[in-house]
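Take a look at the structure set out below.
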Amino acid sequence: MLYWRTIIQTILLGDRLKQSETVSLYRRIVSQKAVTVSLIVSFLLSVLLINSTVLAQIQYYEINTELSESGVSTVRMVITFAEPETEFSFNIIGRVENFTAESIAGPVDCEVDVTGISSIDCKLNLTKEKREVKICFLTPDFVRILEDKIFFSGDFTLNKNINSISASLKLPINAFLVGENVTASMLSFPDSVSVFIAEDGRVLVNWRLVNIEKDQSLRFEALYQHIQEPFWFGLRIRHFIFLGVAFAVVFGFIVFRYFRKSEKLVLSVLDEYERQIVNILLTEDRIKQKKIVDMTRLSKAKVSRVIKSLAERGLVEVERRGRTNLLKLKKKKLSGEF
């Protein structure tokens, strides 16, 4: 009111002030009013922000669910309370198995009543600095088969005000979301979801939610199906190695039997002296003709006639070396590859 009274007095005393001074004073007063209003608005927004934080009972809520091929869900939860709590209760729709809870603040004593709905009541020993609780359990009741598709539905509602939520769902091996978009896959909270491929090749669905009120449902859902692979696709490297070795052994045995059969067939048409020399050549890569004379105790002339006969049949390769011959058996000819 003081400001407006000053303006009126200034206008009435216009003969003492110039018109330009009156306008300048008016603008300065209006500017001061605008600054005052701005400060008030900022203060109210700060109060609202502080109140929203104070009203939140849980500061951070993390839910990680991993699905197995058999449909069992492994759930890991991390809950950071806004203030130290001494008691904490929640329900899980389904049978809870292998339930564990821990906190660095101290022991967490939980009682689990499993019926159609699992009721969990925990006694906590949290402090101002240590307000985090980790929970882990298994359940077979989050997954249902719908014809050739599989539907996941997990309700993680805590009935408390929550500042921030991070939830993830890892599908089984060789499983993929149904359809090409969020709607077809029936993903809950479609505006806050993203889909990735994890390092192990499995599909990973992530949700990010903020400012959740205690009466809001936290049911995460997804529709997926398994991809049938060829039987050989799942074989490991060691299986291929085993099959390769087995094939090599069988193939080698067949070749060996074929070679031995052909060898016996060729040897059967040779005379006694020719077989004697061929058997020596089978054990030697290359051998001098003089050494064969010593080993067979045959005359040089006899050995020369036998070598000539084998060379004419293409069984022996003769190479002149000084005053003697260097002999080599043609094994391809012996195996029947003429």
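Confirm whether Ile212 is more than 25 Å from Leu146 (Cβ to Cβ) and among the aliphatic types (A, V, I, L, M). Yes: the conditions hold for Ile212.
Scanning segment 292-309 for any residue that is under 60 Å from the mean Cα position of the chain (by Cα) and outside any loop (DSSP other than H, G, I, E, B) turns up nothing. In summary, Pro140 fulfils each of the numbered conditions (1) over 18 Å from Arg219 (Cβ atoms); (2) out of contact with any Ser or Thr (no Cβ under 7 Å at 6 or more places or on another chain); (3) touching a residue at least 12 places away in the same chain (Cβ under 8 Å) with the single exception of condition (1). Of all residues in segment 76-109, those that are of a type in the set (S, T, N, Q), part of a strand (DSSP E or B) and surrounded by 12 or more Cβ atoms within 10 Å (Cβ to Cβ) total 3.
Yes or no, residue by residue, for (1) among the acidic types (Asp, Glu); (2) at pLDDT 80 or above; (3) assigned by TED's automatic domain parsing to the domain that holds Ile162:
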position: Ser192; (1), (2), (3): no, yes, yes
position: Asn206; (1), (2), (3): no, yes, yes
position: Leu223; (1), (2), (3): no, yes, yes
position: Arg260; (1), (2), (3): no, no, no
position: Asn279; (1), (2), (3): no, yes, no
position: Asp285; (1), (2), (3): yes, no, no
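Being assigned to a loop (DSSP other than H, G, I, E, B) and under 19 Å from the mean Cα position of the chain (by Cα) is a condition met by no residue of segment 147-156. Checking the stated criteria, Glu62 turns out not to satisfy the condition of being closer than 30 Å to Tyr224 by Cβ, at pLDDT below 95 and either touching a helix residue (DSSP H, G or I) at 6+ places or on another chain (Cβ under 6 Å) or in the same structural domain as Asp200 (by TED's automatic domain parsing) (or both).
The values are calculated or read from the model by the stated rules, or taken from the named source; none is laboratory data. Everything quoted here is computed from the prediction, not taken from an experiment. FYI the Cβ positions are ideal-geometry reconstructions off the backbone, even for glycines, and counts take in every protein chain you see.
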